[in-house]
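The block underneath contains the structure these notes are about, expressed in C-alpha cells.
The values are calculated or read from the model by the stated rules, or taken from the named source; none is laboratory data. Source: prediction; values computed, not measured. When we count neighbours, we look across all protein chains shown, and the Cβ atoms used for this are built from the backbone with ideal geometry, even at glycine. Ligands, DNA and RNA are stripped out before the accessible areas are found, and what is left, the full protein with its side chains, is counted by its heavy atoms. Shrake-Rupley method; radii C 1.70, N 1.55, O 1.52, S 1.80 Å.
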Amino acid sequence: GGRGCTAYDVVVNSGFFRTLQADPLYLEFFLTVAMEGLSEKYGVELELTGWRVLQNRKFLGSISAQNIRARPRPHIQELPG
C-alpha cells in the first residue's frame with residue numbers, strides 16, 4: 001500500500017516447508033500459530049490476514065546467522081563394561 005511496515009522472517013526447515021506447501025489449510029494453521037507466537041513474544045499486535053509467502057525470494061533485507069540448539073545429552077548414561 002506504499003506505507004512502511006515491519007517484516008518478520010520465520011525460519012522453517014525446507015522439508016517441513018514442502019509439507020506445508022502441499023496443504024494450504026495446514027500452511028494457514030502454521031502461519032497463524034507462528035504469528036500468534038510472535039505477537040506474544042514481542043508484545044505487538046499483528047494482522048493475521050494479508051500474509052504472504054515469498055515466491056522468488058528467500059528473505060527480505062539481510063539475513064543473520066541462525067543457531068540450532070543441540071539436544072541435551074541425558075544426565076544418566078549407561079557405561080560399557
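Annotations for the structure displayed:
- Approximate spin-label separation Asn56-Leu27, in nm, with each point projected 7 Å along Cα-to-Cβ: 1.8
- Neighbour cut-off at most 14 other Cβ (10 Å), DSSP loop, GluC sites (Glu not before Pro), region 1-66: Glu45, Glu47
- Computed over the chain with a Gaussian network model linking Cα atoms closer than 10 Å, the most mobile of Ser39, Ser14, Ser62 is Ser62.
- Computed from the Kirkwood radius of its Cα pairs, the Stokes-Einstein diffusion coefficient for region 12-56 at 25 °C and 0.890 mPa s stands at 214 µm²/s.
- Å² of accessible area per residue within the chain, as computed with a 1.4 Å probe and no ligands counted: 101
- Nearest 10 degrees, 0 to 90: helix 24-42 Cα axis against the chain principal axis: 80
- Cβ-based net charge around Tyr42, under 14 Å, with every Lys or Arg adding one and every Asp or Glu removing one: -3
- Element breakdown for region 8-78 at a 1.4 angstrom probe: carbon and sulfur atoms account for 52% of the accessible area.
- Within the chain, longest stretch free of exposed chymotrypsin sites (Phe, Trp or Tyr not before Pro) [DSSP loop, at most 15 other beta carbons within 10 Å]: 9-50
- Using every pair of distinct Cα positions in the chain, the Kirkwood expression returns a hydrodynamic radius of 16.0 angstrom.
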